[in-house]
Amino acid sequence: MGDTIPSFDEIMEAQNIAIAMQHQHWLHKELFTFQFWLILFMLLVPWILWWKLVDKRRLVEILLYGSLVQTVVTVIDEVGCQLNLWEYPFDIEPLFPRFIPANLTVLPIVFMLLYQFIPRWKPYVIMSTLLASVFSFLMEPLLSWLGIYKLFQWKYIYSFPIYIFLFILFKWLMELIKAKQLQVRTRKEP
């Protein structure tokens, strides 16, 4: 590029070319591969299992928790991909090049189930650490081996403290929200 700064129109043209290339790659190299079917499975089956396990009396609370997880992990994934720390050579569709099953299904569901089944802090932190190990040192390498996840300037060990931090952050946020809600309810009661 040298000294020239691209115009907005040039950036949009480059983006249009990239989108067309991405669509062609998806149609001819990703669609209906083993990885495609595995990703589809990862996208759908966990929600079926979650629905059987979720405490329906706490559905709004648990879904709020899951929505927080979905939002934050999607943003983190987007930043990581934009910075070329990692990328996904396979996905379920061509236009949203982030790993949708992890961001919208697997991670939120695991986080929600942990939140639901382990209410006390000490066991929650212990289990969070164990799950962070599974995600960082088992699932991420497995996805890499399957060609679904490609690391560039990232190492699995970097993910480990981030997962732990997120587990703790989301539980803390939910405890804060629930305390605030209880405070408001208590003030309204005669």
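Observations, loosely collected:
- Cα centroid of region 138-164 to Cα centroid of region 58-137, whole Å: 13
- Shape descriptor for region 92-190: Rg over Rh equals 1.10 (Cα atoms; Rh from the Kirkwood inverse mean 1/r).
- The angle between the Cα long axis of helix 121-134 and the longest principal axis of the Cα atoms of the chain comes to about 20 degrees, rounded to the nearest 10.
- Mean projected area in nm² (Cα convex hull; one quarter of hull surface) for the chain: 15.0
- Least to most buried among 19, 62, 164 (fewest other Cβ within 10 Å first): 19, 164, 62
- Our helix-only sum for the chain, with -39,500 (n - 2.57) per DSSP H run of n ≥ 4 divided by its residues, gives a mean residue ellipticity at 222 nm of -22500 deg cm²/dmol.
- Cβ-to-Cβ counts within 10 Å put 100, 76, 148 in ascending order as 76, 100, 148, the fewest first.
- Two-decimal log10 I(q)/I(0) for region 60-114, as the Debye equation yields it once each C-alpha is a single scatterer, q = 0.13, 0.15 Å⁻¹: -0.33, -0.43
- Projected onto planes of every orientation and averaged, the convex hull of the alpha-carbon atoms in region 1-100 covers 8.9 nm².
- Flagged links, alpha-carbon separation over 30 Å, of 29/171; 56/150; 150/178; 122/180; 52/150; 56/155: 29/171; 56/150; 150/178; 52/150; 56/155
Each reported figure results from applying straightforward, stated rules to the coordinates on display, with no laboratory input. Remember, predicted model here, so these are calculated numbers, not experimental data. Please note: Cβ atoms are built from the backbone with ideal geometry, for glycine as well, and neighbour counts cover all protein chains shown.
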